[in-house]
Amino acid sequence: MTRLLLLIDIQRDYFPGGRHPLVGTDAAADAAATLLAGFRTAGEKVVHVQHVWDAPDAVFFAPGTPGVEFDARVAPEGEEDVIVKDRPNAFLGTGLEALLRAADPDEIVIAGMMSSMCVDATVRAASDMGFSVAVAHDACAAPDLEFAGATVPGAQVHAAFMAALDGTYARVSDAESLLTDLPPR
């Protein structure tokens, strides 16, 4: 079985002190780093996705700022591909689909940020394109959100999005299990 690890937007602006901090980013980055180490050790393909918001009014991920950089725990190394995007869905306007089709993995394992935006959009698109997808829920993070005058805590936002993806668009599991429990061929 061949797998590919797709790390989405694990960038400094999402961490404490950044322009748009999420809930649980350090724990998510640690889990993503565990996945990354396992994939590197196994010689499996790794692709990094970087969101760059190239607009004068960019709230975060502005070009040339420290916040647009990858968190050091999951920074690309060597020949690992980097896909730069400017929309939530990492397939739109990028070469991601061609890269994945060429790699032809049996399963794409996804981790990253935000669970409620870029991870969700990319997982759904990948599944709709016919890819088999797994999501490392503990290697993702979400923000607190507001709706109808109520604040929804980030942990609940994250859980709701993982629950919606699980079994329909992806196999959702923790990072350690995704390194050891492979789906049947």
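The values are calculated or read from the model by the stated rules, or taken from the named source; none is laboratory data. Not measured: the values here are computed from a predicted model. With ideal geometry, Cβ positions are generated from the backbone for all residues, glycine too; neighbour counts draw on all protein chains shown. Areas reflect the complete protein model, heavy atoms only, side chains present, ligands, DNA and RNA absent. Shrake-Rupley method; radii C 1.70, N 1.55, O 1.52, S 1.80 Å.
Annotation: per residue accessible area for the chain equals 45 Å², rounded to a whole number [probe 1.4 Å, protein chains only].
A Förster radius of 25 Å, combined with the Cβ-Cβ distance separating HIS20 from GLU79, puts the computed FRET efficiency at roughly 0.25.
Evaluated with a Cβ-only charge set (Lys, Arg +1; Asp, Glu -1), the chain carries a dipole of roughly 200 debye about its Cα centre, given to the nearest 20.
How much space per residue, in cubic angstrom, does the convex hull of the C-alpha atoms of the stretch 1-96 take up? Don't jump to the answer; show the numbers that get you there.
Working: hull volume 10.5 nm³, N = 96.
It is 109 Å³ per residue.
Heavy atoms only, probe 1.4 Å: what % of the accessible area of the chain goes to carbon and sulfur, would you let me know? Percent of accessible area from carbon and sulfur atoms in the chain: 53.
Divide the volume of the convex hull of the Cα atoms of the chain by its number of residues and quote the answer in cubic angstrom per residue.
Working: hull volume 22.1 nm³, N = 185.
Dividing the Cα hull volume of the chain by its residues yields 119 Å³.
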